[in-house]
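Below: one structure, written as structure tokens.
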There are 2 protein chains.
Amino acid sequence: MSYLEDIPIGEKREIGRHTFTAEEIKTFARQYDPQRFHLDETEAENSHFGALCASGWHTAAWCMRFIVANRERMVAEAEATGTPLAKWGPSPGVRELKWLKPVYVGDTITYHTEPLETRPSASRPQWGLLFVRHTGTNQHGEIVYSVIGSAFVERRPGAA
Amino acid sequence: MSYLEDIPIGEKREIGRHTFTAEEIKTFARQYDPQRFHLDETEAENSHFGALCASGWHTAAWCMRFIVANRERMVAEAEATGTPLAKWGPSPGVRELKWLKPVYVGDTITYHTEPLETRPSASRPQWGLLFVRHTGTNQHGEIVYSVIGSAFVERRPGAA
């Protein structure tokens, strides 16, 4: 995990890919988004989506899972090379979350992350805010999901 | 489900409340957000959160569940009174999603919905976009979650 000043702005990185199954789509939907086009194939065929598709929050949740896995890989890399580890704080939220296309049964979504910008924190001089664009792209090359996430990241010692 | 023109702008309505348990927090986190402060009490105590707390995406997912339940109630009310049912389309996304406070084990979050504004669709004259603020408030009266959702809603016949 890099210090705020060492984060490679504009560097896009694949963080993982997942194929959505009907069973998994229905399990998530039963718990958190029980709309007919997320629960039943026939109902979905008669809806505006035309086929069973995943809850948008399900697509977003898989993105989070890969963000966590990516951070774990970065921590492991830093530890392996003896690089100092910056502290990462909580996320205050996300903006511009877009569900651009449905995610249908059998679609494989590849998630990417790309640091967009950093900003020093006015109230906490040792910390800054990092904004990152996360996207999910299907097997046809269409972006189905896009969001700008944020997180508090420690500044390099002496940078403040 | 009302037509776009009949939606009561500014009318805040409670849509449901949920108490988050440790087991449920860990189950969601294992699948979608396996960070230590969502998975293990001791690790959480040593984190910046100070105690086990829910993934922000878990808080968001419960909001979606209550949004769906609220729509089902509105459909049932309309059917019971013979009110015409407007079509509601997909959501293109959300904006300004904020996790303002952690949701700890045992916290009861009450979700509210408040229509903010409507806008006719330029490309599809029979449809408009509805923007709604959804919030989650804990038992201390603190807003822990806030987001502005959007959805396509059919316009009243003849309104376009």
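The values are calculated or read from the model by the stated rules, or taken from the named source; none is laboratory data. Given the structure is predicted, the values throughout are model-derived calculations rather than measurements. Cβ sites come from the backbone with ideal geometry, for glycine too, and all protein chains shown count toward neighbours. Please note that ligands, DNA and RNA were not included when accessible areas were found on the heavy atoms of the full protein model with its side chains. Shrake-Rupley method; radii C 1.70, N 1.55, O 1.52, S 1.80 Å.
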Amide H proximity to A:Arg156 below 5 Å, modelled H, separation 5+ or other chain, gives A:Leu4, A:Glu5
Taking 0.36 nm per residue of separation between B:Glu11 and B:Glu24 and subtracting their Cα-Cα distance, the length gained on full extension comes to 1.5 nm
Asserting the computed 222 nm helical MRE of the protein assembly as shown (DSSP H runs at least 4 long, -39500 (n - 2.57) per run, divided by residue count, to nearest 500) equals -9000 deg cm²/dmol
Cα convex hull volume per residue for the protein assembly as shown, in Å³, equals 154
Scalar couplings 3J(HN,Hα) for region A:82-95 by Karplus 6.51 cos²θ - 1.76 cosθ + 1.60 (θ = phi - 60°), nearest whole Hz, x for Gly and Pro, are x, 6, x, 9, 7, 7, 10, x, x, 9, x, x, 9, 9
Kirkwood Rh for region B:64-120 from C-alpha pairs, in Å, is 14.6
One decimal, nm, nearest first: from B:Thr21 to the same residue in each other copy, label points 7 Å out along Cα→Cβ, the values are 2.6
So, relative contact order of chain A in percent, Cα under 8 Å, 6 or more apart, is 30
Counting other chain Cβ atoms within 10 Å of each Cβ in B:57-66 and taking the mean gives 5
In whole angstrom, the spacing between the Cα centers of region A:35-101 and region B:1-72 equals 15
For A:39-49, B:61-71, ranked highest to lowest by mean beta-carbon neighbours within 10 Å, the order is B:61-71, A:39-49
Phi angles of region B:76-81, converted by Karplus (6.51 cos²θ - 1.76 cosθ + 1.60, θ = phi - 60°) into ³J(HN,Hα) in whole Hz with x for Gly and Pro, give 4, 4, 5, 5, 5, 9
Taking placed amide H atoms and a strict 5 Å upper bound, the residues 5 or more places from B:Gly16 or on another chain that come that close are B:Tyr111
Per residue of B:146-153, other chain Cβ atoms within 10 Å number on average 1
Rounded to the nearest 100 Å², the accessible area hidden between A and B, summed over both chains at a 1.4 Å probe radius, is 2600
With N residues in region A:1-120, Rg(alpha-carbon) / (2.2 N^0.38 Å) equals 1.31
If amide H atoms are modeled at 1.01 Å from N in the peptide plane, then the residues at a separation of 5 or more from B:Ser121, or on another chain, having amide H under 5 Å from its own are B:Trp127, B:Gly128, B:Leu129
Projected onto their principal axes, the Cα atoms of region A:75-160 stretch, largest extent first, over whole-Å spans of 49, 33, 17
